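Below is one structure, written out as structure tokens; the observations come after it.
The values are calculated or read from the model by the stated rules, or taken from the named source; none is laboratory data. Because the structure is a prediction, the values reported are computed rather than measured. Here the Cβ positions follow ideal geometry from the backbone for every residue, glycine too, while neighbour counts run over all protein chains shown.
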Amino acid sequence: MSENLPTTFQPLENCLNCKHELESNANYCLNCGSKIKELRFNLKRLLAVYSESFFSLENTFTKTFIDLWIRPDSVINGFVIGLRKRYMNPVSYFAMALTISGLQVFVIKKFYPDALANMYGSEKTGFMSIAVLDYQTLLTSASIPLMAFIGWIVFKTLKKYNYAEHLILNFYAYSQYAILATLAGTFCLIIGWDYGIFAFVMIFMTIVYYTYVYKKVFGLSIKGLIFRTLFFTLMSGFIFALLSIAAALMMFLTGSLPLKA
Ligand SMILES: [Zn+2]
């Protein structure tokens with residue numbers, strides 16, 4: 001394995017990172033602080049770097065996942081006020097949720113093809129349902145900006161979060177819910193429970209979890225919680241009704257929804 005190559009590169013004249021001119025024999029760049037005599041890679045170092053980043057990713061993911069259950073305020077308020085290292089950032093966490101749900105689809109298709117038929121009833125819709133399943137998390141995640149908007153309106157009088165910060169909250173809450181739904185859904189399919197009932201339970205769980213997150217993040221009292229939950233439900237009911245009407249109208253106008261005479 002050990003060829004006759006030098007273990008470090010030739011001394012550099014300028015910093016690779018910021019182009020600052022380097023003093024001879026300096027170990028660190030005086031301008032940006034990056035290390036200069038970088039050791040060359042060998043297989044052992046490559047493995048060490050890889051496993052270090054893998055375990056630190058796994059570690060921050062686990063911490064984020066657990067704390068979004070027991071202290072979501074610490075994760076969400078923490079990120080908003082500038083905590084960066086302890087938890088995964090909301091967008092990476094969302095990417096993680098998409099990855100996990102992608103893995104679920106792979107596992108179901110490969111090992112439980114029959115479960116898909118049970119899940120959606122007839123074979124006729126089989127092709128459609130696979131397509132929907134493939135993009136389920138991605139499709140439903142389109143509701144994140146809308147949910148953030150509703151949250152922004154409902155909690156506006158508290159003057160705590162702006163719209164962007166509500167987006168952060170919703171990225172975290174949505175991803176957490178998606179990861180739970182993926183794990184629980186896979187479990188249901190494997191042991192053969194009714195997926196329809198499961199989906200219904202999960203809708204209820206979503207409402208409970210979002211209420212809990214908002215209560216923690218905004219430090220609501222029980223009275224405030226009931227009031228805002230009602231307000232939130234009415235607002236989202238109203239907005240989703242408007243959207244459904246708009247969608248039906250669009251379908252009617254484009255002719256894909258013919259009305260019976
Ligand atoms: Zn530099």
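What to note about this one:
- PHE54 surrounded by 12 or more Cβ atoms within 10 Å (Cβ to Cβ) and out of contact with any His (no Cβ under 7 Å at 6 or more places or on another chain): no
- Test: TYR93 is of a type in the set (Ser, Thr, Tyr), away from the ligand (no atom under 16 Å from the Cβ) and modelled with pLDDT of 90 or more: yes
- Residues that are within 12 Å of the ligand (Cβ to nearest atom) and of a type in the set (Ser, Thr, Tyr), drawn from segment 18-52: TYR28, SER34
- If you filter segment 234-255 down to residues that are β-branched (Val, Ile, Thr) and without any contact (Cβ under 8 Å) to a residue 24 or more places away in the chain, you find that the one that is farthest from VAL208 (Cα to Cα) is THR254.
- Residues of segment 185-197 satisfying the condition of being modelled with pLDDT under 80 and either buried (at least 16 other Cβ atoms within 10 Å of the Cβ) or not β-branched (Val, Ile, Thr) (or both): LEU189, GLY192, TRP193, ASP194, TYR195, GLY196
- If only residues of segment 1-17 that are at pLDDT 80 or above and in a loop (DSSP other than H, G, I, E, B) are counted, the one that is farthest from the ligand (Cβ to nearest atom) is GLU13.
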